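In what follows, a structure is listed as structure tokens, so that the remarks can point back to it.
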Amino acid sequence: MDNNSMARTALAAVKYSPYWLDAEGKPSDQPTLSGHMNCDLLIVGAGFTGLWAAIHAKEEQADRNVVIIEANTVANGASGRPAAILSTSVMHGMENAQRLFPKDMDILEQLGKENMDGFKETILRHNIDCDLEWGGELTVAVGEEGLADIESEYSLYKKYGHDAHLLDKDAIQKEIHSPLFHGGLWSKARSGTVHPAKLAWGLKRVALELGVKIFENTPMLNNSKTQSGIEVTTPGGSITAPKVLLAINAFGAQHRKIYNRVAAIRDRILVTEPLSAEQMKSVGWANRQGIYDTRTQLNYMRLTADNRILFGGRLAYYSGNNTDPEGDKKIDPYLRLADNFYRTFPMLTGIKFSHAWSGPIALTTRMAVHYQRYHQGDMIYAGGYSGFGVTATRFGARVGLAILDKKDIPETMLEFATTLPSYIPPEPFRWIGAQITMYALDTVDEKAGWRKLWLAMVENMGFPVTQ
Ligand SMILES: Cc1cc2nc3c(=O)[nH]c(=O)nc-3n(C[C@H](O)[C@H](O)[C@H](O)COP(=O)(O)OP(=O)(O)OC[C@H]3O[C@@H](n4cnc5c(N)ncnc54)[C@H](O)[C@@H]3O)c2cc1C
């Protein structure tokens with residue numbers, strides 16, 4: 001059987017929905033808003049950014065009247081869909097931080113470490129059961145050509161005091177038995193994996209316990225500044241608040257102004273059936289790290305608590321920043337990902353996939369959180385984490401709240417908080433550019449040629465697509 005037919009067979013019974021959302025423990029839905037109400041702080045969107053912001057606001061000032069409205073239900077957006085590999089960096093990795101804000105590296109790294117420690121502490125303090133594992137983050141060199149990438153990353157890790165280790169071919173083969181892996185960079189402390197839906201549901205429980213009111217199935221339709229504050233309208237009512245935090249991440253790309261700097265890209269994931277003890281032995285992976293590889297169209301992978309392999313990383317863009325494309329609920333977009341899976345783990349050839357899904361990534365020329373100010377700074381959009389947001393959202397929410405409250409904490413003075421990413425071209429150029437880029441990413445490692453020039457041009461525009 002050729003690779004394409006094998007992938008089709010393995011995907012035949014797949015469920016096009018995140019594996020994470022099948023977990024037990026989903027809390028009951030909160031009511032829909034009807035009528036008018038006032039509050040001190042309104043948060044729009046109940047993904048990680050919105051939930052962390054609500055918890056932070058309440059922990060800081062218990063009598064603050066905080067409300068969240070969510071268009072769907074908690075964990076419907078990116079927060080219920082990631083690989084959920086935990087990174088210390090709050091700027092989409094150290095190389096990206098170095099590219100963007102070299103003079104702030106020391107403080108950004110320090111803030112990232114504090115954020116990760118606070119992330120862990122909050123989860124433990126509130127007893128959130130979310131399958132946290134601290135196996136570390138491992139970047140694997142695919143082929144000899146990947147070795148230079150991990151060596152340069154290693155020097156950055158060491159410079160900023162991470163517990164990082166370079167693995168040669170023998171050492172990486174002892175960890176994971178993939179014939180593709182020629183070396184590795186393992187950052188052992190302060191990183192690992194989590195069950196993202198259980199985390200989001202746990203944060204929802206904590207927010208409710210702290211007195212936050214949450215309205216689900218309640219989309220913001222409009223907002224305007226009135227004499228009594230910002231009025232946000234929903235299908236069944238309205239809320240007036242002096243301060244509004246837009247925690248809508250990639251969904252913001254559907255809003256006229258946010259759209260200028262944010263594109264809603266899709267990223268795709270496959271999950272296998274649970275591996276047997278024998279299959280696990282054939283793969284290795286005893287330390288259960290979250291893994292990224294050095295391919296240009298990067299793949300990432302991790303184990304779930306019941307020993308499935310989650311394998312992700314195939315970008316797409318649908319015209320108009322579509323955040324729920326029907327095109328991603330069919331086999332075809334997942335075939336190349338399945339093929340890459342079998343090349344990575346040939347000992348598992350033929351294993352079936354149980355789940356396939358895609359999720360919205362808020363892409364900017366920064367690939368990291370930024371803040372857009374509206375209504376004289378009384379409404380802030382906080383988003384743009386790209387593919388690194390599970391822990392960075394906690395940091396992004398805390399700083400976003402300080403900006404909204406006009407508090408002079410050192411973070412709000414740093415360049416990432418005071419400046420904006422560049423404009424992104426509108427449609428149809430956005431769609432055309434994205435199609436060529438996705439094709440180049442898929443084929444550059446085998447065919448190079450014009451693809452390298454195109455990707456270099458895209459990088460010059462500010463998108464670090466090959467990082
Ligand atoms: C496939 C994939 C893999 C990823 N892997 C990783 C990873 O391994 N590690 C990592 O750190 N990060 C990863 N990420 C990124 C991470 O998931 C996100 O950065 C993070 O979840 C963003 O959280 P958020 O709350 O800002 O956005 P979201 O979770 O998208 O939340 C936004 C919420 O706003 C709601 N909303 C939208 N419009 C409105 C409106 N008008 N009114 C009310 N509510 C509205 C949406 O319904 C949604 O619930 C991945 C993302 C994807 C998609």
(request) On a 0 to 90° scale, report how tilted helix 450-460 is relative to the longest principal axis of the chain, with both axes built from alpha carbons and the result rounded to the nearest 10. (result) 30
(request) Measure nothing but the geometry: give the 0 to 90° angle between the long axis through the Cα atoms of 48-60 and the longest principal axis through the Cα atoms of the chain, rounded to 10°. (result) 50
(request) Tell me, rounded to the nearest percent, the portion of alpha carbon pairs in the range 217-328 spaced more than 16 Å apart. (result) 73
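Nothing charged except the Cβ atoms of Lys and Arg (+1) and of Asp and Glu (-1): what's the magnitude of the dipole of the chain about its Cα centre? Round to the nearest 20 debye.
Values: 49 positive and 52 negative charges, 137 e Å.
Magnitude of the dipole: close to 660 debye.
Kindly sort M367, M347 by accessible area of their heavy atoms, largest first, with the probe set to 1.4 Å. Please report the intermediate quantities before stating the final value.
Working: M367 20, M347 70 Å².
Descending order: M347, M367.
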(message) Cut-off under 28 Å on the C-alpha distance; same-chain residues fewer than 8 positions from K352 excluded. Which lysines are left, in chain and number order?
(response) K15, K26, K174, K198, K281, K329, K330
(message) Over all directions, the average projected area of the alpha-carbon convex hull for the range 56-144 comes to how many nm²?
(response) 9.3
(message) Rounding to the nearest 10 and keeping the result within 0 to 90°, find how far the Cα-based axis of helix 429-447 lies from the longest principal axis of the chain.
(response) 20
(request) Tally up the carbon and sulfur contribution to the accessible surface of the chain as a whole percent, 1.4 Å probe, everything protein left in place. (result) 52
(request) Give the accessible area for L453 in Å² (nearest 10); use a 1.4 Å probe, count only protein heavy atoms, and leave out ligands, DNA and RNA. (result) 130
(request) Give the accessible surface of the chain per residue, rounded to a whole number of Å², with probe radius 1.4 Å and ligands, DNA and RNA excluded. (result) 40
(message) I'd like the distance between the alpha-carbon centres of the range 339-394 and the range 23-91, rounded to an integer number of Å.
(response) 17
(request) Any chance you could tell me what percent of the C-alpha pair distances in the chain go past 39 Å? (result) 18
(message) Going Cα to Cα from K159, which lysines come in below 23 Å? Please leave out same-chain ones fewer than 8 positions away.
(response) K103, K113, K188
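The values are calculated or read from the model by the stated rules, or taken from the named source; none is laboratory data. Remember, predicted model here, so these are calculated numbers, not experimental data. Positions of Cβ are generated from backbone atoms using ideal geometry, with glycine treated the same way; all protein chains shown enter the neighbour counts. Note: accessible area is taken over every heavy atom of the protein model, side chains too, but ligands, DNA and RNA are not part of it. Shrake-Rupley method; radii C 1.70, N 1.55, O 1.52, S 1.80 Å.
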